[in-house]
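Asks: Take a look at this one; I'll ask things after.
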Amino acid sequence: MAELNERISKIGVVPVIKLNHPERDAAALGKALCAGGVPVAEITFRAAGADKAIRLMKEACPEMLVGAGTVTTTAQIDAVIEAGGDFIVSPGLDPELVVYAQEKNIPIYPGCTTASEYHQALKFGLELIKFFPAEQSGGLAKIKALSAPFPMFKVMPTGGISLKNLKDYLSAPVIAACGGSYMVTADLIDNNKWDEITELCKQSREIVKEVRG
């Protein structure tokens, strides 16, 4: 799991994707992300068929890290594992889901935005946690404040991240990577604007390289 965390951190950005038509778009989207230097995706269960999308994207781009987001049930975890998914992301910290994912040996990144949630995450031995919704929950200032009593965590903020503030977030040592949907909006995906997605990924990676070398 530490190796997966490191791979995500090196990429620096994690596209958070709602995919309405997996059969039509999953393979092409995966190729567009990889072409932009971002071989990772969080496919959310906000749309039906997330597990199918994961399977199709992994088949088209075996080198990708493809996980599931907005996971709220153990049944969804089972579906992700069956589809060959690499990780689980949940919007909040649900102890049942964390324990279940750990029993199944699949990394889970729960959403944590308070000291109490950080403390729970610590008890589960987690090293990388999601901070969601980032901007609405206090943003980078709050993440830095929480890192004082909890320096053992690396954080993946999601929610309100864009090319405008990506550099600010990535400049903080506590940030492992940033989740975002700005490079995979509904307009871009539904209208098959794969070249634009690739370009936004390239711009994101340039920021990552500028900050981290």
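The values are calculated or read from the model by the stated rules, or taken from the named source; none is laboratory data. It should be emphasised that the depicted structure is a prediction, and the values quoted were computed from it without experimental measurement. Glycine gets a Cβ as well: all are built from the backbone with ideal geometry, and neighbour counts include every protein chain shown.
Asks: Hey, could you check segment 71-98 for residues that are surrounded by fewer than 19 Cβ atoms within 10 Å (Cβ to Cβ) and among the β-branched types (Val, Ile, Thr) and say which is nearest to Pro110 (Cα to Cα)?
Replies: Thr72
Asks: For Met156, which of the numbered conditions (1) touching a residue at least 60 places away in the same chain (Cβ under 8 Å); (2) in contact with a Phe, Trp or Tyr (Cβ under 7 Å, 6 or more places away or on another chain); (3) of a type outside the set (Val, Ile, Thr); (4) more than 26 Å from Leu19 (Cβ to Cβ) fails to hold?
Replies: Of (1) touching a residue at least 60 places away in the same chain (Cβ under 8 Å); (2) in contact with a Phe, Trp or Tyr (Cβ under 7 Å, 6 or more places away or on another chain); (3) of a type outside the set (Val, Ile, Thr); (4) more than 26 Å from Leu19 (Cβ to Cβ), only one is false for Met156: (4).
Asks: Here is a follow-up. Take the residues of segment 151-179 that are β-branched (Val, Ile, Thr) and under 18 Å from Tyr118 (Cβ atoms): which is surrounded by the fewest Cβ atoms within 10 Å (Cβ to Cβ)? If you could, list the steps in order and put the result at the bottom.
Replies: To start, the set of residues in segment 151-179 that are β-branched (Val, Ile, Thr) comprises 155, 158, 161, 174-175.
Next, from what is left, pick out any that are under 18 Å from Tyr118 (Cβ atoms): 155, 158, 174-175.
Working: Val155: 26, Thr158: 25, Val174: 18, Ile175: 23.
Looking at the filtered set, the residue picked out is Val174.
Asks: Moving to a separate point now. Go through segment 1-33 and give me each residue that's part of a helix (DSSP H, G or I) and either without any contact (Cβ under 8 Å) to a residue 24 or more places away in the chain or under 15 Å from the mean Cα position of the chain (by Cα) (or both). So that I can check it myself, show each step before the final result.
Replies: Our first condition is that a residue be part of a helix (DSSP H, G or I); within segment 1-33, this holds for 2-11, 22-33.
Within segment 1-33, Glu3, Leu4, Asn5, Glu6, Arg7, Ile8, Ser9, Lys10, Ile11, Arg24, Gly30, Leu33 qualify.
Asks: Would you confirm whether any residue within segment 36-49 is surrounded by fewer than 23 Cβ atoms within 10 Å (Cβ to Cβ), at pLDDT 95 or above and among the acidic types (Asp, Glu)?
Replies: No - not one qualifying residue is present in segment 36-49.
Asks: Same structure, new question: Over 19 Å from Asp190 (Cβ atoms) and at pLDDT 95 or above, is that true of Glu103?
Replies: Details: over 19 Å from Asp190 (Cβ atoms): yes; at pLDDT 95 or above: yes.
Against the criterion (over 19 Å from Asp190 (Cβ atoms) and at pLDDT 95 or above), Glu103 qualifies.
Asks: While we're on this one: Identify, from the list Ala79, Ala115, Ala101, the residue that is closer than 23 Å to Glu3 by Cβ and either among the small types (Gly, Ala, Ser) or in contact (Cβ under 8 Å) with a residue 40 or more places away in the chain (or both).
Replies: Details: Ala79 fails: closer than 23 Å to Glu3 by Cβ; Ala115 fails: closer than 23 Å to Glu3 by Cβ.
Result: Ala101 is the single residue among Ala79, Ala115, Ala101 that is closer than 23 Å to Glu3 by Cβ and either among the small types (Gly, Ala, Ser) or in contact (Cβ under 8 Å) with a residue 40 or more places away in the chain (or both).
Asks: Go through segment 192-207 and count every residue that is outside any loop (DSSP other than H, G, I, E, B), surrounded by fewer than 21 Cβ atoms within 10 Å (Cβ to Cβ) and not aromatic (Phe, Trp, Tyr). Before you say what the answer is, go through the steps one by one.
Replies: Initial filter on segment 192-207 (outside any loop (DSSP other than H, G, I, E, B)): 194-207.
Right, trim to surrounded by fewer than 21 Cβ atoms within 10 Å (Cβ to Cβ) and you get 194-196, 198-199, 202-203, 205-207.
Then keep just the ones that are not aromatic (Phe, Trp, Tyr); that gives 195-196, 198-199, 202-203, 205-207.
Residues flagged as outside any loop (DSSP other than H, G, I, E, B), surrounded by fewer than 21 Cβ atoms within 10 Å (Cβ to Cβ) and not aromatic (Phe, Trp, Tyr) within segment 192-207 amount to 9.
Asks: Restricting the search to segment 180-191, which residues are surrounded by fewer than 21 Cβ atoms within 10 Å (Cβ to Cβ) and outside any loop (DSSP other than H, G, I, E, B)?
Replies: Ala186, Asp187, Leu188, Asp190
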